[in-house]
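Remarks on the structure that follows.
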Amino acid sequence: MIFEEETISTERIYEGAILNLRRDKVTVMEGESFREIVEHRGGAVIAAVKDDGNMVMVKQFRKPAERVMLEVPAGKIDEGEMNPEKTALRELREETGYRASSIRLLTRMYPSVGYSEETLYIYLCTGLTAGETDFDENEAIDIEEYSIDTLYRMVMEGKIEDGKSQVAILMVKGLLEEGRLPVR
């Protein structure tokens, strides 16, 4: 049986530069309970596929995981940025130097729906043209390229552990297998 909770009250616990934390008092089937919810503006995720079929990836140290992670390019939606597609194009250029002549939304996802309202928009970018990167002052990124088949194997072998990257890679692999993503 599905029960839709209603918010009774909200308490702000923390306000930060990237996220906020609130505690909502909600109705539940047997009375009331509390939910701690991370507020996040969301982000854009880029499945950047070159004409030769290789996918552009980034490698960087991630403090929460305490190690270097292989990921698709991505970034948070900045304050005032209303269109996640613009975020995707900006992040693609900043992190990889590439510009895309074609962009389309593949899906929208909630990476941690149990405690966060963060929404990620996954875009397919094709028709890539190389250019200069423009890293944020706190970014140290290596840019790498892999075939979709190699990335798919890495996901299936547990070598790519980042959820947004797994989704992007699996979606691109599906599009290729369905013949909906022509590559040379």
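The values are calculated or read from the model by the stated rules, or taken from the named source; none is laboratory data. Fair warning: this is a prediction, and the values are worked out from it, not measured in the lab. Quick reminder, even Gly has a Cβ in these numbers, built from the backbone with ideal geometry, and neighbours come from all protein chains shown. Just the protein is used for accessible areas: all its heavy atoms, side chains included, with ligands, DNA and RNA removed. Shrake-Rupley method; radii C 1.70, N 1.55, O 1.52, S 1.80 Å.
The table for this structure:
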{"read-out": "Listed residues N54, N138, N20, most fluctuating in the chain (Gaussian network, C-alpha, under 10 Å)", "value": "N138"}
{"read-out": "Which of K76, K164 is most accessible, then next, and so on - probe 1.4 Å", "value": "K76, K164"}
{"read-out": "Alpha-carbon centroids, the range 55-118 and the range 149-184: separation in whole Å", "value": "16"}
{"read-out": "Dipole in debye (nearest 20) - the chain, about Cα centre, beta carbon charges: Lys, Arg +1; Asp, Glu -1", "value": "460"}
{"read-out": "Rg(Cα) / (2.2 N^0.38 Å) computed for the chain, rounded to two decimals", "value": "1.16"}
{"read-out": "Rg(Cα)/(2.2 N^0.38 Å) for the range 114-173, N = residue count", "value": "1.35"}
{"read-out": "Mean accessible surface per residue for the chain, computed with a 1.4 Å probe while every protein chain stays in place, in Å²", "value": "59"}
{"read-out": "Whole-percent carbon and sulfur share, accessible surface of the range 43-178, 1.4 Å", "value": "46"}
